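In what follows, a single structure is set out as structure tokens and then discussed.
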Amino acid sequence: MDAYVSPRRESVADHLAVARSRWRPNYPAWPEAAISPAFVEDLIREGIINGPKPVQKREGRGKGRRFEPRDYRELLEVIRVKLSGVKHRSGWIVHLWLRGHEYPIEVVRRALIDEVHATIDIAMRDFAPTRRFTEPFGVKFDRRVRRAGDENDVTWDFLEPLVAKMIRPNAITEITPNVGRMVDDLASISGIEADLLKSALTETLEAVKGGPNPSRQSCATLQQMFAPTPVGQLIKLMLTADPGAIQKAEAGIHGLIDDGAGRSGMVDAIRNAPEATLRRVRHLWVAIRSGSLEKLLLEGGRACPVELRTAFEAIQVCNRQQRLTNRSNPAMSAYIFGTYVSQW
């Protein structure tokens, strides 16, 4: 790290020099052309980062002007996420607010909505670039998604109902997952008879499409299938705490990205959330990103009854994956935050 002596009156150029001296070797190369004093002045003028504050001189007349330690860190964060692909200033506002910088809450709300819209546009670009659905959902999913990868990958069959719920809920009756392939895959890993699985999956898909609820036998088959897995234990734990948890989770993803009429459930959740909710979710986001929540889950898993430990392990895995995503892909921060708000 280069030595740097701060003057009594720090200019923006001085501020940038300090930030550069603290640039970590594992970061991308310092972008000489893209990061200039004029760029920093724009950030200060638009209120994205703080400018220097008057300070009392140790000697002499008048006052000095200094940037605070947090100001250096926030400038470095803006530069880092800019180089990571977050090009919009709304993204920089979201990024810094999630790390404690305070803005008027309506500025934060607008920035969150802008960033979520941008992420949704990217997600929809390949599936329905014009947002027009002139063919059945199952046909479009097959052509745009399934055939784009491995057509025999059973993962797409399991994901199709979820995708439909998120981006075209009123077309849920048009989904066409391959039940036979799903049955073969589940039978090979669960040891349950194929006929029982086929009946359970068929009835579940019909229920998802708005038909009658699965029979008790089908519910028992599904419970048997998931019981040995962390997911099964997690579902059991959720239902024990709140019998309506599954219905609430389903409502949370209904039209989450696009309801089929140009609205996003996630955007509506952010737009309508009280300030207190946004701040509570920020606390949760910080706990996940910092790893403190993972430590609490680890301690809770050790202290809880043996039969619930697999559920805690499943929650830990989900938490770890979200933390890694937040760190490695800053562009997804607003979208991940929006999913928390929509489920709150």
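State whether region 126-227 is rounded, prolate or oblate according to the following rule on the C-alpha gyration tensor (a ≥ b ≥ c being the square roots of its eigenvalues): a/c under 1.5 gives rounded; otherwise a/b larger than b/c gives prolate, and the remaining case gives oblate. Verdict is oblate for region 126-227. Give the calculated FRET efficiency between S292 and Q223 to the nearest 0.05, with a Förster radius of 25 Å applied to their Cβ-Cβ distance. It comes out at approximately 0.15.
Annotation: aspartates and glutamates with alpha-carbon distance below 15 angstrom to K198 (same-chain offsets under eight excluded): D157, D184, D185, E206.
Ordered by the count of other Cβ atoms within 10 Å of each Cβ, fewest first, M182, M225, M332, M266 give M332, M182, M225, M266. Relative contact order of region 12-83, taken over Cα pairs closer than 8 Å and 6 or more residues apart, is 32 percent. Give me the log10 of I(q) over I(0) for region 12-83 at q = 0.12, 0.22 Å⁻¹, as the Debye formula computes it from C-alpha points; what are the numbers? Ignoring solvent entirely, the Cα scatterers give -0.35, -0.97. Students often get this wrong, so check it: of K53/K82; K87/K295; K140/K209, which have C-alpha atoms separated by over 29 Å? From K53/K82; K87/K295; K140/K209, over 29 Å: K87/K295. Residue exposure proxy: T130, T221, T325, ordered by other Cβ atoms within 10 angstrom of their Cβ from fewest to most, comes out as T130, T325, T221. If R0 equals 30 Å, the separation of the Cβ atoms of T155 and E106 corresponds to a calculated FRET efficiency of about 0.15. Remark on R65: its backbone amide H falls under 5 Å from those of R9, E10, V55, a criterion applied only to residues 5 or more positions apart or on other chains, H modelled at 1.01 Å from N. The ranking of W97, W92, W30, W23 from fewest to most other beta carbons within 10 Å of each one's beta carbon is W30, W23, W97, W92.
Here, each number is a calculation from the coordinates, and none is a lab measurement. Every value quoted in this text rests on a predicted model; they were computed, and no experiment measured them. For neighbour counting, all protein chains shown are included, and Cβ atoms are generated from backbone atoms with ideal geometry for every residue, glycine included.
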